[in-house]
Amino acid sequence: MPEPTLAVLTLDGRRVTVAPGITVLAALQNAGLSPLRHSLSGEPRGALCGMGSCYECRAVVDGLLVRTCLTPARDGQNVRRLLEVAREF
Amino acid sequence: MNSEAWDAVVVGAGPAGLMAARTAAEGGLRALLLDAQPGSGGQIWRGAVAGQKGTAGDLLRDVASHPGITVMSGAEVMAAETRERAHTLTVTTAAGLRQIHAERVILTTGATERFLPFDGWILPGVFGAGGLQAMSKGGLDVRGKRVVVAGSGPLLLAVAAGLRQKGARVLAVAEQAGLPGVAAFGMAAARLPGKSREAWALAARLLGVPYWADCAVVRASGQNQLQSVTLRRGRREITLDCDYLAVGFGLVPETRVAALLGCALDGTGAVQVNVWQATSIQGVYAAGEVCSIGGVDGALLEGFVAGCAASGQIERLRDAPRRAEIQRRFQATLERSFALRPKRLPTPLPTTIVCRCEDVRHGELRGFAGWTAAKLQTRCGMGACQGRVCGPACETLYGWRFEGVRAPLVPLPLAQLLDEPITLSPP
């Protein structure tokens, strides 16, 4: 079966179409979802290293906490930023 | 837990790792090449594909098609130990933990960026210089974005050129080193045929972009998102409105796996190797930026030497000492030229956060004798990144040496530690 040309992701409940193979982090940033979490002191934080070292880009993808800079965007993924997840608590 | 045995395991699929795996396989070893990233190539060749023109494409193709090499992407070493002459790596993957045994291990774990804290560096929009480049290679759309590149080292130029090529508006490159240092590096690069070509290509791509030597980052400003960056040139402060700040102060060898295996480090904190790239532990070799920061050519050469040495192909190494000497001289110039100068480094305020994971501020950290005391009293370095960001920063700010590496090297899902399948919760 040929590779799909585009992937449709759900980012914080919003359906977004992206080129396949880009990282989930890039998909979030391109969609304008830049702060990813709040720090212990309540300040917004974004990604820093882009390579898997800083752990700042963690988000919940299909129920698992992952580093989005190491996660390729795939069709059907459900992505939730930690600051959105935290709002439920 | 899955348990398997290989002739050689190569940790890290950047230029050094790819070259080491190919060379070891050519010598008849069954090699496993693993990397945390979803694809091979390391940070410098991220996004390159097998078969494309140039060294990256050729190496990726050879590694992908060699019957003696198995590539495992998305795999990170969480534990490592040496018993007598056998080495065991425990690796975390999406499918769970795998235990890998090998008589030979080649460490090509590369380097991470050194970040230094300054007022506003925690704002979204402030990225590592290499980080922004990696994100852009990973699909971040930088078209039309105003970017300031700051910090130190030739990586800044590569990052600026790469971002500009992707459509970003690079407002300035701010280098903390002085002009004499930068000029010395330029002349050293010009003497190496490959580097000279690279330098001219970079210069052409950066035409019109201001390059300010002797320039320091003072602060980043914005409300919840970066809006401007203030730099100091001489006695003058310049504020530039921008969307992204790409900032990094050189690279730090990533030695955690080496430390777990017991490999000795040198005075700079890199893995100590001999002329055959052998570490202090029998059967463990290291190559590339984990040994010294010197760029892709040095990494390829060292990967080749390590692959040959691990597989006993000594006759192929006749020319290696001469080439290594050229690389060593280049690395020494690089180190001298971009040595960090306290007067041109950002100065954190007492309220500036140093440890981003645990929100520990500069004012809380001054005065501790070392890591252990600071960790116990403040939790600095005890968050998710386990000191990967604040460790090198504290080393520069307070002179502490990061110590006490222990497994697990990465945070793991509890299900993996319990050796149970990870169940996805419904979306």
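Data table
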{"read-out": "Condition met for B:Ser136 (open to solvent by less than 10 Å² (accessible area, probe 1.4 Å), away from every other protein chain (no Cβ under 14 Å), within 29 Å of A:Ser39 (Cα to Cα) and hydroxyl-bearing (Ser, Thr, Tyr))", "value": "no"}
{"read-out": "Selection from segment B:139-167 of residues that are more than 13 Å from chain A (Cβ to nearest Cβ) and aliphatic (A, V, I, L, M)", "value": "B:Val147, B:Val148, B:Val149, B:Ala150, B:Leu156, B:Leu157, B:Ala158, B:Ala160, B:Ala161"}
{"read-out": "Condition check for B:Ala415: open to solvent by 20 Å² or more (accessible area, probe 1.4 Å), of a type outside the set (Ser, Thr, Tyr) and more than 20 Å from the chain's Cα centre (by Cα)", "value": "yes"}
{"read-out": "All helices (runs of 4 or more DSSP H) inside segment B:319-393 with 2 or more residues being at pLDDT below 95", "value": "B:320-337, B:371-378"}
{"read-out": "Qualifying residue in segment A:28-38 (condition: open to solvent by 10 Å² or more (accessible area, probe 1.4 Å), hydrophobic (A, V, I, L, M, F, W, C) and at the interface with another protein chain (Cβ under 7 Å from one of its Cβ atoms))", "value": "no"}
{"read-out": "Subset of segment B:310-320 (residues that are surrounded by fewer than 16 Cβ atoms within 10 Å (Cβ to Cβ) and closer than 22 Å to B:Ala189 by Cβ)", "value": "B:Asp319"}
{"read-out": "Neighbours by Cβ (under 6 Å, 6+ apart or cross-chain): first from segment B:344-360, more than 10 Å from chain A (Cβ to nearest Cβ); second open to solvent by 40 Å² or more (accessible area, probe 1.4 Å)", "value": "B:Leu349/B:Asp119; B:Thr351/B:Arg361; B:Thr352/B:Asp119"}
{"read-out": "Residue ranges of helices (runs of 4 or more DSSP H) in segment B:116-232 with at least 1 members over 20 Å from B:Gly250 (Cβ atoms) and in contact with a Pro (Cβ under 9 Å, 6 or more places away or on another chain)", "value": "none"}
{"read-out": "Selected residue (only one of B:Leu340, B:Leu409, B:Leu345, B:Leu397 is surrounded by 14 or more Cβ atoms within 10 Å (Cβ to Cβ) and over 20 Å from A:Leu48 (Cα atoms))", "value": "B:Leu340"}
{"read-out": "Residue check, B:Val290 buried (at least 24 other Cβ atoms within 10 Å of the Cβ) and either more than 21 Å from B:Ala86 (Cβ to Cβ) or not assigned by the TED database to the domain that holds B:Glu103 (or both)", "value": "yes"}
{"read-out": "Residue among B:Gly303, B:Gly307, B:Gly298 that is assigned by the TED database to the domain that holds B:Asp7, assigned to a helix (DSSP H, G or I) and within 19 Å of B:Gly186 (Cα to Cα)", "value": "B:Gly298"}
{"read-out": "Close pairs from segment A:53-67: first at the interface with chain B (Cβ under 8 Å from one of its Cβ atoms), partner open to solvent by 30 Å² or more (accessible area, probe 1.4 Å) and among the polar types (S, T, N, Q), Cβ under 6 Å, at least 6 apart", "value": "A:Asp62/A:Asn78; A:Gly63/B:Ser425"}
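The values are calculated or read from the model by the stated rules, or taken from the named source; none is laboratory data. Remember, it's a predicted structure, so these values are computed and weren't measured experimentally. No Cβ is skipped: glycine too gets one built from the backbone with ideal geometry, and neighbour counts run over all protein chains shown. In case anyone asks, the SASA skips ligands and DNA or RNA and just uses the protein heavy atoms, side chains included. Shrake-Rupley method; radii C 1.70, N 1.55, O 1.52, S 1.80 Å.
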